[in-house]
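Data first, discussion second: the structure below is written as structure tokens.
Read-outs throughout are calculated quantities, based only on the coordinates presented, and are distinct from any laboratory measurement. It should be emphasised that the depicted structure is a prediction, and the values quoted were computed from it without experimental measurement. Don't worry about glycine lacking a Cβ; one is built from the backbone with ideal geometry, like all the others, and counts go over all protein chains shown.
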Amino acid sequence: MGELAQLLVINAGVSAACFLALWGIGVALKDVTFVDAWWAFGMLVLALSSYLVTWPASPHKFALVCLTAAWSLRLGFHLLWRWRTQGKDRRYVTMLGKAQSERGWGFAKASLLLVFALQAPLQFIVALPVQLGQLAPDDARLGPVGVAGVAVACLGLLFEAVGDWQLARFKADPANKGQVMDRGLWRFTRHPNYFGDACVWWGLFLIGLETRYGIWAIPGPILITFLLTRWSGVPTVEGRLRRTRPGYEEYVARTSGFIPWFPKKA
């Protein structure tokens with residue numbers, strides 16, 4: 001078995017085992033909201049598994065693992081904190097409740113098929129840059145593309161972290177209840193956290209692009225960008241905010257939807 005196939009098979013087994021174990025926990029809790037945190041933590045698990053399988057270390061591996069760890073731990077613990085403070089995610093409650101009432105599925109079947117079995121392959125594909133990017137010559141040095149990737153990923157980490165922090169502070173003030181967050185980074189993009197997330201994965205892809213199989217990881221950043229802008233990210237959040245936040249339409253009219261830019265004048 002070639003090194004590429006060996007890496008992917010081992011990582012697929014690791015990912016499947018983790019998701020099955022978490023599914024069991026979700027069934028016991030009758031709540032799957034914590035899987036959002038695993039979306040982040042699981043990426044780090046795949047990065048570390050790849051690091052061990054492709055040992056010894058190299059500059060590309062070190063950069064990929066360190067940046068993935070920084071992204072994963074910050075986002076993962078942020079989502080765990082949100083779960084513990086805000087409770088079950090309404091999206092999962094609605095989706096699983098509908099499957100149980102309309103299809104007659106039990107919670108175990110609905111959560112397995114609609115949540116865990118769906119997120120596992122998506123996570124595996126998005127994480128391709130930190131898997132394939134570690135199949136590099138042991139003495140490879142970071143070139144200009146790799147350095148640019150580190151810079152893009154760091155920019156994304158900063159943007160995402162600051163955006164989440166600003167939003168958390170805004171929500172913590174009772175005076176802002178029901179108001180539209182349009183301050184700080186949120187003045188320049190309606191989704192600084194999602195923009196930062198996309199930057200991280202495009203940056204990781206650029207780092208891996210200098211390695212042997214890095215170009216084949218291109219589905220990863222494309223998929224995460226699609227998920228954030230067209231599927232589970234922007235459409236879900238904005239659909240709810242349009243219904244619940246007075247003034248949100250005006251905010252949409254003047255503020256960039258994804259890539260940061262100066263607000264339009266009224």
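Taking each residue as 0.36 nm, the span from Leu158 to Phe188 lengthens on full extension beyond its C-alpha to C-alpha distance by 9.3 nm. Of the options (i) 25.3, 85; (ii) 19.2, 66; (iii) 19.5, 61, only one is Rg and Dmax of the Cα atoms in Å as computed from these coordinates, and that is (iii).
Highest mobility in the GNM of the chain, judged by mean-square fluctuation with C-alpha springs under 10 Å and restricted to Pro192, Pro235, Pro129, is found for Pro235.
Test of understanding: what is the full-extension gain from Arg243 to Val9, defined as 0.36 nm times their sequence separation minus their Cα-Cα distance?
Values: separation 234, 0.36 × 234 = 84.24 nm, distance 4.44 nm.
Net length gain for the segment: 79.8 nm.
Between Phe19, Phe34, Phe107, the GNM of the chain built on Cα springs shorter than 10 angstrom shows Phe107 fluctuating the most.
Span-like helix check, the chain: qualifying full DSSP H segments, with Cα axial length of 20 Å or more and mean Kyte-Doolittle of -0.5 or more, are 3-29, 35-53, 59-86, 144-172, 192-209. This ranking places Met43, Met181, Met95 by how few other beta-carbon atoms lie within 10 Å of each, fewest first, which gives Met95, Met181, Met43.
Rounded, prolate or oblate, given the Cα gyration tensor of segment 1-64, with a/c below 1.5 counting as rounded? Intermediate results must be reported in sequence, preceding the final value.
Values: a/c = 4.24, a/b = 1.96, b/c = 2.16.
The shape class here is oblate.
Remark: relative contact order (segment 152-266) = 34 percent; criterion is Cα-Cα distance under 8 angstrom and separation of 6 or more residues.
If each residue's Cβ is checked for other Cβ atoms within 10 Å, how do Ser15, Ser256, Ser101 rank with the fewest at the top? All intermediate terms of the calculation are to be shown ahead of the outcome.
On the way: Ser15 20, Ser256 17, Ser101 9.
So the ranking, lowest neighbour count to highest, is Ser101, Ser256, Ser15.
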